[in-house]
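The values are calculated or read from the model by the stated rules, or taken from the named source; none is laboratory data. The structure presented is a predicted model; accordingly, all values stated were derived computationally and were not measured. For neighbour counting, all protein chains shown are included, and Cβ atoms are generated from backbone atoms with ideal geometry for every residue, glycine included.
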Amino acid sequence: METAGIVLAAGAGTRMKSKHPKVLFEILGRPLVMWPVSALKAAGVDDITVVVGPDGDEIANAVDGFASTAVQQEKLGTGDAVKAAIAAPALRGFQGNVVLVYGDCPLLTDATIRRLIDTRIQEDAACVVLTFRLEEPFGYGRIIREDSFDADIPTGDVVAIVEQKDADERQARVRECNSGFYCFDAQALREALAKITNDNAQGEYYITDAVALLRETGRKVVALETEDPEECAGVNSRVQLAEATRALQRRINRAHMEAGVTMLSPDLAWIGPEVALERDVTLLQNVTLMGATSVGEDSIIGPDARLFDTVVGKGCTVDETIAYEARIDDGATTGPRAYLRPGAHLCEGAKAGTHVEIKKSTVGVGSKVPHLSYIGDATIGAGVNIGAGSITCNYDGARKHATHIGDGTFVGSDTMMVAPVNIGEDVVVGAGSVITTDIPDEALVIARARERVIEHWVPEHRK
Ligand code: UD1
Ligand code: CA
């Protein structure tokens, strides 16, 4: 049976006190709305519609390639938002399961989505709703079962969901809450939507009313209780954003540790959801790994490293390094205090040492840039040593130019390589040189003012 997903994200998010849409706030580098979208994808739900407001272009961009969007013209409530989705071309005439979730719930897992779908099919229910129990349920919609007011732990059929603002005293004492995660039968959902009214405390169309409406027509509604209330936490404020970030950090780090990664201090490791770490990787304190970053076996990252979209091979040492879109091949070492910018590529066994910045350049196999250098737009061959303080002068104020350095070349300290320039193989460059012309293989080049030594100068000048 086919399954479609709906993610509601048209709400105003006023409690964030922000000029930006709530669902675009990021958790571990991923926008809030993309967390439930990714969970749906991981559960095998490919047809996803995200409901946005009329000003939702930014949200549409954020989910582009993962979900389509439907526009809710006015924020008339969650029931009205679902109507906008079900009327969108992607869902018109759709038969099957509809998983409905809210865009501000980043902790929902794909396993729970699968459970909702499987339960709906097994029980042939019109709706399955995920519920959770809280000691302090204030604010959430309450699950009213047939035995809610009699049993200690009610297990009877669900008769209604009552919102906080509409709950009477007895209903408000119910501890079982609505997570906002549902799986509907598409046809039953359409029938219920047609009947939802805004006759309630907030004057809104509530999707939660679908439960009582389906019951009235004799359809089956099943409540599935989760053991893990944390999964249902919504992000309505910045405090909740920080709490959800912590919870996801714990979840992600735990999974990596269980898969064979050592973390000196898991609280000080921030790892994005798409990061891949092989076994026997060690993360020291203060490590941030984001985007499409990956790290190979036996590499040691940190302390104090931030890597974004960077590919690290096996057996590397990445100490106090900041890297964006860089490649660090097997056995290479970086830092402390290295800055690798987009297109920096350290080949096997290469080194970018301390206070070294590398941009859009290849450092060949076993080559070293150990101290105080800037290397930009350069290709450096294998077995090259770049002396301390040497830089490529790649920018003439208007354009960038390339530098090529052949295998086995030794560049003395404090050399300026004024690009465009080619330095051959096995060249020796004297320290302090300014290189402006191409240098042939195996040459010695010294390009600096000749040293003068004037003996006895000092005593004579003191007279
Ligand atoms: C909702 C549920 C409540 C549940 C809680 C779980 C309803 C009526 N109530 O309450 O039972 O316990 O979630 O977190 O569904 N949205 C729209 N368009 C609208 C209104 C809301 O797209 O017109 C979106 C919001 O962006 C948000 C989601 O729907 O992602 C939920 O809306 P919100 O106002 O946060 O509902 P809650 O009061 O949290
Ligand atoms: Ca909410």
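Things worth noting here:
- Residue that is in contact with a strand residue (DSSP E or B) (Cβ under 9 Å, 6 or more places away or on another chain) and surrounded by fewer than 18 Cβ atoms within 10 Å (Cβ to Cβ), where the choices are A90, A81: A90
- Listed by position, the strands (runs of 3 or more DSSP E) contained in the range 256-354 that have at least 1 residues being at pLDDT below 95 and closer than 25 Å to I386 by Cβ form an empty set.
- Residues (closer than 18 Å to A244 by Cα and surrounded by fewer than 22 Cβ atoms within 10 Å (Cβ to Cβ)) located in the range 19-30: L24, F25, E26, L28, G29, R30
- Single residue of I380, I358, I439 found to be buried (at least 22 other Cβ atoms within 10 Å of the Cβ) and over 27 Å from I328 (Cβ atoms): I439
- Close pairs (8 angstrom Cβ cut-off, 6 or more residues apart or separate chains): over 22 Å from R175 (Cα atoms) in the range 224-252, among the aromatic types (F, W, Y) and more than 16 Å from ligand 2 (Cβ to nearest atom) anywhere: Q249/W270
- Candidate set from the range 98-114 (those that are away from ligand 2 (no atom under 16 Å from the Cβ) and surrounded by fewer than 24 Cβ atoms within 10 Å (Cβ to Cβ)); member that is nearest to G29 (Cα to Cα): T109
- Residue match in the range 61-73 (condition: touching a residue at least 12 places away in the same chain (Cβ under 8 Å) and within 16 Å of ligand 2 (Cβ to nearest atom)): yes
- Take the conditions (1) closer than 23 Å to A42 by Cα; (2) away from ligand 1 (no atom under 14 Å from the Cβ); (3) among the hydrophobic types (A, V, I, L, M, F, W, C); (4) within 22 Å of the chain's Cα centre (by Cα); L224 misses just one of them, which is (4).
- Within the range 104-137, being under 26 Å from P21 (Cβ atoms) and either hydroxyl-bearing (S, T, Y) or free of Cβ contacts under 8 Å to residues at least 40 places away in the same chain (or both) holds for T109, T112.
- Matching option when the condition is hydrophobic (A, V, I, L, M, F, W, C) and away from ligand 1 (no atom under 12 Å from the Cβ), among L100, L107, L116: L116
- In the set (1) part of a loop (DSSP other than H, G, I, E, B); (2) in contact with a Gly (Cβ under 9 Å, 6 or more places away or on another chain), the condition left unmet by A244 is number (1).
- Note on the range 146-182: residues that are closer than 30 Å to F94 by Cα and either more than 15 Å from ligand 1 (Cβ to nearest atom) or more than 32 Å from the chain's Cα centre (by Cα) (or both) amount to 7.
- Test set (1) more than 20 Å from A111 (Cα to Cα); (2) of a type in the set (A, V, I, L, M, F, W, C); (3) away from ligand 1 (no atom under 16 Å from the Cβ) - L213 fails condition number: (3)
- The combined condition, being under 29 Å from E74 (Cβ atoms), touching a residue at least 12 places away in the same chain (Cβ under 8 Å), in a loop (DSSP other than H, G, I, E, B) and within 13 Å of ligand 1 (Cβ to nearest atom), is fulfilled by Y206.
- Criterion (modelled with pLDDT of 95 or more, touching a Pro at 6+ places or on another chain (Cβ under 8 Å) and on the phi > 0 side of the Ramachandran plot) met by exactly one of L24, L32, L28: L28
Condition check ((1) in contact with a strand residue (DSSP E or B) (Cβ under 7 Å, 6 or more places away or on another chain); (2) closer than 28 Å to D104 by Cβ) across all residues:
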position: R251; (1), (2): no, yes
position: I271; (1), (2): yes, yes
position: V275; (1), (2): yes, yes
position: Q285; (1), (2): no, no
position: G296; (1), (2): yes, no
position: R306; (1), (2): yes, yes
position: V312; (1), (2): yes, no
position: G343; (1), (2): yes, no
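- Of the residues examined, A269 is not one that is under 30 Å from T112 (Cα atoms), away from ligand 2 (no atom under 16 Å from the Cβ) and surrounded by fewer than 18 Cβ atoms within 10 Å (Cβ to Cβ).
- Test for I117: is it modelled with pLDDT of 95 or more, within 16 Å of ligand 2 (Cβ to nearest atom) and aliphatic (A, V, I, L, M): no
- There is no residue in the range 83-93 that is free of Cβ contacts under 8 Å to residues at least 40 places away in the same chain, within 16 Å of ligand 2 (Cβ to nearest atom) and among the charged types (D, E, K, R).
- Test for G56: is it of a type outside the set (A, V, I, L, M, F, W, C), within 11 Å of ligand 1 (Cβ to nearest atom), closer than 21 Å to L241 by Cβ and out of contact with any His (no Cβ under 7 Å at 6 or more places or on another chain): yes
- Residue satisfying condition, being within 15 Å of ligand 2 (Cβ to nearest atom) and crowded, with 17+ Cβ neighbours inside 10 Å, within set G5, G11: G11
- Where Q171 falls short, out of the listed (1) in contact (Cβ under 8 Å) with a residue 24 or more places away in the chain; (2) surrounded by fewer than 20 Cβ atoms within 10 Å (Cβ to Cβ); (3) within 20 Å of R219 (Cβ to Cβ); (4) not basic (K, R): (3)
- Residue within the range 442-461 that is aliphatic (A, V, I, L, M) and in a helix (DSSP H, G or I) present: yes
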